[in-house]
Amino acid sequence: PHPHPHPPSLAVASSALSSSSNSAFSSSFLAATSKLEWKERALKRNPNIQNLQERINPRKRSQSFSTLYKTPAWESLTQRMVFLIIYQHLEHNDYHKTCQAIESETNFKFTIDPEKYTKSMLQELLRSCIRDVDQLYGKILQLNSAVRLRNESLSEEEKSKIYSDEAIQALEKSLSDQLSSMGIRKEIEKEDVNIYEEEQSEKTLIVTNKEIKAGTLNQLVILLTSEDSGAIGYHNFLQTFLLTYRSFTTQKKLLEKLRDRAKVPRSDDFTEDKVYLKTINFLTKFVCDNISDFNQDTLKFLKDFMSLLDPNTAQKLQRYIQNQGRRQMQAAALNTPEPIASPQIAYPNFDIFNVDVEEIARQLTLLEFENYSKISPSEMLNLAWSKPKLRYRAVNLVTLSTRFNAIALWVTKSILNIPNLSKRASRFAWFLKLIDHLRKLNNFQTLGAVYGGLNSSAVYRLDQTKAEVSKESMVILEESMKLLSPKSNFEACRKALDEAVPPCIPYISIYLGQITFTEEGNPTYIEGGLINFKKQHLLSQIILKVIKHQNEPYALTPIPQIRDFFVKLPKSPNDDEKREKEQLENQLFNLSKELEKPKK
């Protein structure tokens, strides 16, 4: 529909939805339906919703509605209004029985003038959101491309020909204008206030019972660098901030705030010196934890910042910059067990199943730990690993996920490719031994992948094969099923991880599920544009569990031939390749039915 003022009929209906009859409906509905369970079922039945959700999610959806219907954005998409929009969509598409059922359950008659709404409000709102996101994403990609080219090893003449400073500034302005038109810029502009010019008030900082609930970036930095920070549980606050800051600001922006903070206004007491020292202490911690991720622009800013510091502090940071990237994790050679020799690996096309199964478990563990140890907290923010447009931010998580699926597919195919029943049962038992060794190594991630292959629909139905496997071996399968059961939010696996003696590789999927639930259930910014620090604290507690064992490596000797075999495993189609994935699953299931005919 054409933009027009918020009509009286909508206002009346919106107000009416807050009536007691509607609140009774809401409470009974919510009591009967788990949001998470409902969402999982809905996404499973309608995979296209996931794609649509990813395209809309980065966007403030209320802004599109306010643009279309000329209403204040902050009061447009309340729960009442969302319900009304959905109802109008159903009515517009002649789902009269559904509308009657809604009216019957809520005991309320909805009145929407069809002459004023000739199209579905829901469809128009979604179209607007998708259009805005695509426009914004195009500008971001263009700007990222420009900056990347400027940072690559090109000559100054070549760089100036491709993207001049004026061209990049024009792109930045275009992106800024786009953000402003979408109503998002106001959250960013608050950070641009000088740290000493922003007053502390309920509009800039919310602290309850010594716990920080929300605040602007300025106020959070002030608390991080204040002389008296013991009143807010400083250790937990610092830990949460460093783990999650990239979900609400950038590295360069934070350095800018620290630079401003270091310029302490003169006073008559020693406050100036204390704040300066606290700022430098935090700066050192921040640089030590993050410098390996700094791009050239951020490194240049850091060096300029250091020129303002006292010589001793500057020299200390400079030494770290020169040595960055040299982090070594070496296990004590005396505790490294000898590899289990296998002459087979000397040949180019050796059979992996002729190698000792314990050594296979060791090599899989080394390969998995290599990526696990590289996962940075920022990879787990903003659900980057699950969004095609953001996966470049979560390289190691995506690699773990890809290998998980590749190993599961390898397990499934390795069993189904054996027509002989007895040999197929032996192969099944071999994988159970592999699971047993992975469990002893506390490699829960690869254990989950191997179990996933054995539990695939094509292998799960092979009752004749499993009947040939010894009872002792089948106990391993039963224990794995209990360990990886999703019951009570993977309670058994979480308990095993808590009790595991390092080294250890956790079952990452458990924590990514918790992060997803936390991200989607809590806004990053609350009313007034304050950073929702309570959400950041919840995320940091999950992230800590993921990275808990990263600095405790395995004392094992790598065997390149075995490693290469698993690195080169064929990839399994991902969730974006739905047609290929469905075709492969059907192919494997048909092969399974040929091996063991379905019971009549």
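The values are calculated or read from the model by the stated rules, or taken from the named source; none is laboratory data. Being a predicted model, the structure only gives us computed values, none of them experimental. When we count neighbours, we look across all protein chains shown, and the Cβ atoms used for this are built from the backbone with ideal geometry, even at glycine. Please note that ligands, DNA and RNA were not included when accessible areas were found on the heavy atoms of the full protein model with its side chains. Shrake-Rupley method; radii C 1.70, N 1.55, O 1.52, S 1.80 Å.
For LEU383 and LYS593, FRET efficiency with R0 = 45 Å and r from the beta-carbon atoms, rounded to 0.05?
For LYS593 and LEU383, the calculated efficiency is 0.75.
Along the Cα→Cβ direction, 7 angstrom out, place labels at ASN420 and LYS548. What is the inter-label distance in nm?
Between ASN420 and LYS548, the simple spin-label model gives 4.5 nm.
Which of the chymotrypsin sites (Phe, Trp or Tyr not before Pro) across the stretch 192-243 are loop residues per DSSP, with 16 or fewer other Cβ within 10 Å?
TYR196
In sequence order, what are the phi-derived ³J(HN,Hα) couplings for the stretch 510-522 according to the Karplus relation 6.51 cos²θ - 1.76 cosθ + 1.60 with θ = phi - 60°, rounded to whole Hz, with x for glycine and proline?
Listing the rounded values in order: 4, 6, 5, x, 5, 5, 4, 4, 5, 4, 6, x, 9 Hz.
Zone of LYS374 (label point 7 Å along Cα→Cβ, backbone N under 15 Å): which residues in the stretch 554-598?
564, 567-568
Can you list, largest first and rounded to whole Å, the semi-axes you get for the stretch 528-600 by taking the square root of 5 times each eigenvalue of its Cα gyration tensor?
40, 27, 14
For the stretch 394-472, treating each Cα as an identical point scatterer without solvent, what Debye log10 I(q)/I(0) comes out at q = 0.12, 0.17, 0.21, 0.22 1/Å?
Each listed q maps to, in turn, -0.35, -0.66, -0.93, -1.00.
Keeping every protein chain in place, order ASP498, ASP260 by accessible area at 1.4 Å, biggest value first, i.e. largest first.
ASP498, ASP260
Excluding ligands and nucleic acids, what accessible area in Å² is computed for ILE345 using a 1.4 Å probe, to the nearest 10?
30 Å²
Extension gain GLN100-ASP260, at 0.36 nm per residue separation less the Cα-Cα distance, in nm?
Full-extension gain reported as 51.5 nm.
Mind ranking TYR372, TYR507 by accessible surface for me, highest first, 1.4 Å probe?
Descending accessible area places them as TYR507, TYR372.
Taking Rh as the Kirkwood radius computed over C-alpha pairs, what is the Stokes-Einstein D of the stretch 434-592 at 37 °C in a medium of viscosity 0.692 mPa s, expressed in µm² per second?
For these conditions, the coefficient is 175 µm²/s.
At 1.4 Å probe size, with the rest of the protein present, what percent of the exposed accessible area of the stretch 430-498 is carbon and sulfur atoms?
Roughly 50 percent, rounded to a whole number.
How much accessible area does TRP385 have with a 1.4 Å probe, in Å² rounded to the nearest 10?
40 Å²
Give me the 1.4 Å probe accessible area per residue for the stretch 476-600, excluding ligands and nucleic acids, in Å².
59 Å²
How do ARG579, ARG319 stack up against each other in accessible area, from largest to smallest, with a 1.4 angstrom probe?
ARG579, ARG319
With N set to the number of residues, divide the alpha-carbon radius of gyration of the stretch 433-499 by 2.2 N^0.38 Å and report two decimals.
Taking N as the residue count of the stretch 433-499, the ratio is 1.13.
Once every Cα of the stretch 468-525 carries one equal point scatterer and solvent is ignored, give the base-10 log of I(q)/I(0) from the Debye formula at q = 0.26 Å⁻¹, two decimals.
-1.06
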